[in-house]
Amino acid sequence: MHVVVLVKHVPEPTATWSFADDLTLDRAAVEGRLSELDEYAVEQAVRLVESGLDARITYLTLGPAKAVEGLRKALSMGGDDGVHVVDPAVHGSDALATSLVLAKALQHTGFDLVLAGMASTDAEMSVLPAMLAERLGVPQVTFGGDLAVDAAAGTVTVHRDGDDATEEVVAALPAVVSVTDRTGQPRYPSFKAIMAGKKKPVQTLTLADLGVAPEQVGAAAAGVVVRSVAVRPPKQAGQVVVDDGTAAAVVADFLVARGFA
Amino acid sequence: MSDPAPQVLVLVETVPADPATGRSGTVRRPSLEQLTVARRLGTPAALVCGPADDDVVAVLGQHGAATVYVVDAPEVGGYLVGPKVDAVAAVVDRGDVGCVLVTSNPEGKEVGGRVAVRLGSGIVTDAVDVQAGDGGPVATQAVVAGQWLATSQVVRGVPVIAVRPNAAPVEPAPVQAVVEKVDVTFAPSSLGARVVSRTPRATTGRPELTAAPVVVAGGRGVGSAAGFAVVEALADALGGAVGASRAATDESWYGHQFQIGQTGKTVAPALYVAAGISGAIQHRAGMQSARTVVAVNKDAKAPIFALADLGVVGDLHTVLPQVVAEIARRRA
Ligand SMILES: Cc1cc2nc3c(=O)[nH]c(=O)nc-3n(C[C@H](O)[C@H](O)[C@H](O)COP(=O)(O)OP(=O)(O)OC[C@H]3O[C@@H](n4cnc5c(N)ncnc54)[C@H](O)[C@@H]3O)c2cc1C
């Protein structure tokens, strides 16, 4: 079985972010890391194999040269190999184009199960797994709280923790599954594992390798154009009172004055 | 410009009727907010996937939906997302839809994302405002953990916009709604993820978290599951919903479905009370669109105070019950 985990190299969440002149996130200006939410997908893939699933684990990333660091981090947690799609034409791509490239890359690698995190910690759209399922014509099960693969039956079973209900969902493989940050703490690789991860093969692919034309991606192909970005105006610092037994009355007055009580 | 304005299709979220209690079906508030947005952009139309009883159709008409498309097939509830994508695509295929609006929650975004792929359209998610503009709707998004505001326009295909709850007011705009039943042939690949069991959660009796006008949230400072009683008491005094930080949900003091933040819910209530929450960036990502913030925290240096319109440096277990008592006293 071939498990392909989508990983994204993202700006460090605590870094100060800025936007470049073309209104894209200035990724070169900040430290990056493997998206914390993707680590949960990596962890689940590695655990599947540890619990006896006969599978090869490939990590797939799309991003600039630096994004290989994300692959290396994932490879240090376990798994077999990495695929890095890197092409200058990709810069400025929207979710549609990103999903196109990743779908082509998945067709290139082949897959039985695609695993992803619940969102990226930078773009936060959470639409990519669904878009990939649409493009690949395979089932999607997102926001899985756990997953079990039955290789003989060719199915994946996932529990979802929804707002109104908890659900058990079964999908036939091949399928796209995303997992939440409640699936289990990602492991912290040892020094030895980090060194081993560095030796695992990483293949680099361009758009041409995938049969994607440059004009299908990038800013020019985008279905959405950003018209402006601005830092949200900082809130006026409000009143702070130290409770000396009278704070509750201040709060109640405030709530009444604003029509909340 | 003599053509009627194109339809703006709202994918409606409903709470189906409950035959056991005799409660009729209702429309979730964010869908009504999207009908307000739809009126700004064109002629509002609604799509209900599942049963649309008379009450649901009437409410949609009261809020401006002249056409209510209904796709009532068992597939809609039996499989994840796919059948709804087919339903939206089937209505758009009829030809007069100029824009599709969905709720910016996990399901809405996934339906929207797949519809966008199928139509070759651009998609904007997490819109906190949408206005008509030259060349199509202009959506405002809060990006990068909510620290930046961006405006965007879809420039390809039928725009698909996922709108956050509380992005627009609910406004009555009565029209006579006409129901059109739509037969959809579901694609085999849309029937791939089968829901084999579904266990409904007990309802809390409080307003729904993402739509609630008031949210009272507790964090690690609450200290225990039992400690949440003081948070609930203040929420009830204010008619609000209860939320929690990830620290509190990770400890299982409160249900994960109430977590606010990057990996939980995004809320934008008129009032947010943060009790025993430090205000980490991932938490703020889920609440910084709140209009008024009150924070109660023992630590005067907690980052949450930077967002607070009113901050109390104190023990929440002392302050919250006193606030409840003060409110009751003023009402008496
Ligand atoms: C990828 C990722 C995603 C995340 N997603 C989320 C998310 O969706 N939501 C989220 O909330 N967090 C999220 N986090 C976690 C986040 O970083 C913080 O760890 C978390 O928000 C802290 O919760 P807290 O404020 O309740 O706890 P703490 O940071 O421990 O703060 C507790 C606060 O309570 C105060 N306090 C203690 N006792 C009292 C008392 N008796 N009275 C008054 N005040 C008291 C303390 O002074 C302190 O300020 C995420 C983290 C990561 C890495």
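The values are calculated or read from the model by the stated rules, or taken from the named source; none is laboratory data. Note that the structure is predicted; figures quoted are calculated from it, not measured. Note that each Cβ is placed from the backbone with ideal geometry, even for glycine, and that neighbours are counted across all protein chains shown. Please note that ligands, DNA and RNA were not included when accessible areas were found on the heavy atoms of the full protein model with its side chains. Shrake-Rupley method; radii C 1.70, N 1.55, O 1.52, S 1.80 Å.
Report, in whole Å, the centroid distance computed from the Cα atoms of the range B:51-89 and the range B:278-332.
40
Determine the shielding of peptide A:217-227 by partner chains: average, over its residues, the number of Cβ atoms on other chains within 10 angstrom of each Cβ.
5
By per-residue mean of other Cβ atoms within 10 Å, what is the highest-first order of A:98-109, B:234-245?
By packing density, highest mean first, the sequence is B:234-245, A:98-109.
How large is the charge dipole for the range B:107-146, taken about the Cα centre, if only the Cβ atoms of Lys, Arg (+1) and Asp, Glu (-1) carry charge, to the nearest 20 debye?
For the range B:107-146, the charge dipole is close to 180 debye.
Please identify the trypsin sites (Lys or Arg not before Pro) of the range B:289-332 that satisfy two criteria: DSSP loop assignment and at most 16 other Cβ atoms within 10 Å. Which are they?
Of the trypsin sites (Lys or Arg not before Pro), the ones in loops of the range B:289-332 whose Cβ has at most 16 other Cβ atoms within 10 Å are B:Arg291, B:Lys298, B:Lys301.
Sort B:196-209, B:267-280 by packing, meaning the average of other beta carbons within 10 Å per residue, with the highest value first.
In descending order of packing, they fall as B:267-280, B:196-209.
Assigning unit charges at the beta carbon (Lys, Arg +1; Asp, Glu -1) and nothing else, what dipole magnitude in debye, to the nearest 20, does the protein assembly as shown show about its Cα centre?
Dipole magnitude for the protein assembly as shown comes out near 840 debye.
Quickly estimate the mean residue ellipticity at 222 nm for the protein assembly as shown, helices only: each DSSP H run with n ≥ 4 gives -39500 (n - 2.57), and the total goes over all residues, rounded to 500.
My calculation for the protein assembly as shown gives -8000 deg cm²/dmol from helical runs alone.
Quick check for me: using +1 on Lys/Arg Cβ and -1 on Asp/Glu Cβ, what's the dipole size of chain A about its Cα centre, in debye to the nearest 20?
Rounded to the nearest 20 debye, it is 700 debye.
Just want the answer: with Cβ charges of +1 for Lys and Arg and -1 for Asp and Glu, which residue in B:Val48, B:Ala270, A:Leu210 is farthest toward the dipole's positive end in the protein assembly as shown?
B:Ala270
For the range B:61-153, which trypsin sites (Lys or Arg not before Pro) are in a loop by DSSP, counting at most 16 other Cβ atoms within 10 Å?
For trypsin sites (Lys or Arg not before Pro) across the range B:61-153 that sit outside H, G, I, E and B with at most 16 neighbouring Cβ atoms in 10 Å, the list reads B:Arg94.
Enter the accessible area per residue of chain B (Å², integer; probe 1.4 Å; all protein chains in place).
On a per-residue basis, chain B sits at 38 Å².
If Rh is defined by the Kirkwood formula over all Cα pairs and Rg also comes from Cα, what ratio Rg/Rh do you get for the range A:2-221?
Using Cα coordinates only, the ratio equals 0.95.
Excluding same-chain residues fewer than 8 positions from B:Lys301, which aspartates and glutamates have a Cα within less than 17 Å of its Cα?
B:Lys301 reaches A:Asp243, B:Asp309, B:Asp315.
Once you sort the root eigenvalues of the Cα gyration tensor of chain B as a ≥ b ≥ c, which label holds: rounded (a/c under 1.5), prolate (a/b larger than b/c) or oblate (the other case)?
prolate
Any chance you could list the semi-axes, whole Å, largest first, of the equivalent ellipsoid that the Cα gyration tensor gives for the range B:7-191, using √(5λ)?
The three semi-axes for the range B:7-191 are 24, 19, 16 Å.
Place a point 7 Å from the Cα of B:Ala229 along the Cα-to-Cβ direction; which residues of the range B:302-324 have their backbone N under 19 Å from it?
From the range B:302-324, the list is B:315-324.
For the range B:209-331, just say rounded, prolate or oblate: build the C-alpha gyration tensor, square-root its eigenvalues into a ≥ b ≥ c, call rounded for a/c under 1.5, and beyond that prolate if a/b exceeds b/c, oblate if not.
rounded
Return the carbon/sulfur percentage of the accessible area of the protein assembly as shown, one whole number, probe 1.4 Å, all protein chains in place.
Here carbon and sulfur together make up 54 percent of the probe-accessible area.
Could you identify which residue out of B:Ala248, B:Ala132, B:Ala193 has the top mean-square fluctuation in a GNM of chain B using Cα springs shorter than 10 Å?
Of B:Ala248, B:Ala132, B:Ala193, the Gaussian network model singles out B:Ala193 as fluctuating most.
Averaged over its residues, how many other protein chain Cβ atoms are within 10 Å of peptide A:231-243's Cβ atoms?
6
Beyond a 21 Å Cα-Cα separation, which of these cross-linked pairs lie in this structure: A:Lys8/A:Lys235; A:Lys104/A:Lys199; B:Lys109/B:Lys265?
A:Lys8/A:Lys235; A:Lys104/A:Lys199
Within straight cross-link reach of B:Lys181, meaning Cα distance under 23 Å, which lysines are found once same-chain residues fewer than 8 apart are removed?
Leaving aside lysines fewer than 8 places away in the same chain, those within reach of B:Lys181 are B:Lys84.
Please work out whether the range B:1-103 counts as rounded, prolate or oblate from its C-alpha gyration tensor, where a ≥ b ≥ c are the square roots of the eigenvalues and a/c under 1.5 means rounded, while otherwise a/b larger than b/c means prolate and anything else oblate?
Taking the square roots of the gyration eigenvalues as a ≥ b ≥ c, the range B:1-103 is oblate.
With unit charges on the beta carbons (Lys and Arg positive, Asp and Glu negative) and the dipole taken about the Cα centre of chain A, which residue among A:Val114, A:Gln140, A:Thr61 sits farthest to the positive side?
Result: A:Thr61.
Which one of B:Pro83, B:Pro19, B:Pro213 has the biggest mean-square fluctuation once chain B is modelled by GNM with Cα springs under 10 Å?
In this elastic network of chain B, the residue with the biggest mean-square fluctuation among B:Pro83, B:Pro19, B:Pro213 is B:Pro19.
Quantify how strongly other chains surround peptide B:117-123 by giving the mean number of their Cβ atoms within 10 Å of each of its Cβ atoms.
Per residue, the number of nearby Cβ atoms from other chains is 5 on average.
Determine, for each peptide in B:51-57, A:197-203, the mean count of other beta carbons within 10 angstrom over its residues, then list the peptides with the highest first.
Ranking, from highest mean packing down: B:51-57, A:197-203.
Between B:Gln257, B:Gln288, B:Gln34, where does the largest GNM mean-square fluctuation fall for chain B, given springs only between Cα atoms within less than 10 Å?
Residue with maximal mean-square fluctuation among B:Gln257, B:Gln288, B:Gln34: B:Gln257.
May I ask you to list the aspartates and glutamates whose Cα is less than 16 Å away from that of A:Lys200, ignoring any residue fewer than eight positions away on the same chain?
Reachable aspartates and glutamates: A:Glu69, A:Asp80, A:Asp81.
Taking the Cα centre of the range B:7-191 as the origin and placing charges on Cβ (Lys, Arg +1; Asp, Glu -1), which of B:Leu60, B:Leu149, B:Ala187 is farthest toward the positive end of the dipole?
Sorting the options by dipole projection puts first B:Leu149.
What are the extents of the Cα atoms of the protein assembly as shown along their three principal axes, listed from largest to smallest and rounded to whole Å?
73, 65, 51
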